[in-house]
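Okay, so here's the structure we're looking at.
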Amino acid sequence: MTTRHPDALVADYLRRLAAAAAALPPDRQTELVAEIQAHIAEALEAAGAAADVAVRNVLERLGSPEEIAAAAAGPPTGPPQARGKLEIAALLVLALGGVLPIVGWAVGVVLVLASEAWSCATRSSACCSACCRRSSWWRSSSCRRIRASSPTRRGAASVRSSGSSSPGAL
Amino acid sequence: MRYMEHGDARNTLSQLRRGTVEYCVLALLRDEERYGFDLVRALSQVDGLVMSEGTIYPLLSRLRREHLVTTSWRESAAGPPRRYYRLTEAGRAALADFTKEWSRFRDAVDTLLIKENDHDHQAS
């Protein structure tokens, strides 16, 4: 190991720390580097020495710059459940934030898929067939309600026939 | 069901250390305000508590952000001004809560560990 000037050791260490802490907000990064720098100065003062060995000991006890920066980054705060709900809400807003016909289809798909009265095959065929038609949302989601009242509607026919395959659909 | 490996005890204890060190910092501030280096030195004198001294500074920063401690700068005879840490009311309350919970937890674990230990001694 080549001997390096103690100041160079400290400067190198602080440079590594600043680099490792680059992801932090700038004021926290600056503060962290300043605090570690002050610590090194105090520690050397307390040791009564500033030579190579003393500096190496102080830096050794401090730990690696990467470790310190990682501690500053810290674990994510907040309960996992709260974050999960937020993500779900965001996805829903994204899904519904589109143009209305697409939204209508999307909502219809969700409702169809959520319905346990239809088998998987009928559900997917309902979604696909509804997709090809206009005002499909109204038909696919309301088909069970309007089935009896609107037997002549073209779109409702395909959904109705699939809906009728399951008992107790009403 | 996964079986415990030798490393698990070390891992558990290192997690315990990480979880409790902030309350140890609060405890050190119970009776007086102290500056950063002083706190770090006091912690490192307790065996096996702190592995990397530098990580105490991010911890202090977090305690400040969480309003468990406040700081003030004081002139120092030896060199540049020092940042002194002091408990807030919230910090004091958090420390009191933890102390109560910790005593219960520590006593419970000790009871089981010591009992098991005695059992082993009698059996052998």
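Figures for the structure shown
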{"item": "Odd one out for B:Val46, checked against (1) closer than 18 Å to B:Glu22 by Cβ; (2) among the β-branched types (Val, Ile, Thr); (3) loosely packed, with under 12 Cβ neighbours inside 10 Å; (4) over 18 Å from the mean Cα position of the chain (by Cα)", "result": "(4)"}
{"item": "Residues of the stretch B:49-79 that turn out to be modelled with pLDDT of 95 or more, buried (at least 20 other Cβ atoms within 10 Å of the Cβ) and part of a loop (DSSP other than H, G, I, E, B), as a count", "result": "1"}
{"item": "Residue check, B:Ser14 small (Gly, Ala, Ser) and either out of contact with any helix residue (DSSP H, G or I) (no Cβ under 7 Å at 6 or more places or on another chain) or farther than 24 Å from A:Leu32 by Cβ (or both)", "result": "yes"}
{"item": "Enumerated helices (runs of 4 or more DSSP H) restricted to the stretch A:3-79, each holding at least 3 residues that are among the charged types (D, E, K, R) and on the phi < 0 side of the Ramachandran plot", "result": "A:6-20, A:26-47, A:52-62"}
{"item": "Qualifying residues in the stretch A:47-56 (those that are farther than 11 Å from A:Leu9 by Cβ and surrounded by 14 or more Cβ atoms within 10 Å (Cβ to Cβ)) - the one nearest to the other protein chains (Cβ to nearest Cβ)", "result": "A:Ala47"}
{"item": "The stretch A:3-41: number of residues that are more than 20 Å from A:Ala73 (Cα to Cα) and more than 9 Å from every other protein chain (Cβ to nearest Cβ)", "result": "11"}
{"item": "Residue within the stretch B:30-51 that is more than 24 Å from A:Leu44 (Cα to Cα), touching a Leu at 6+ places or on another chain (Cβ under 9 Å) and more than 13 Å from chain A (Cβ to nearest Cβ) present", "result": "yes"}
{"item": "Index of the failed condition, B:Lys100 passing every other in (1) closer than 17 Å to B:Glu22 by Cβ; (2) more than 14 Å from chain A (Cβ to nearest Cβ); (3) surrounded by 11 or more Cβ atoms within 10 Å (Cβ to Cβ)", "result": "(3)"}
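The values are calculated or read from the model by the stated rules, or taken from the named source; none is laboratory data. As the structure is a prediction and not an experimental result, all values here were calculated from the model. Cβ sites come from the backbone with ideal geometry, for glycine too, and all protein chains shown count toward neighbours.
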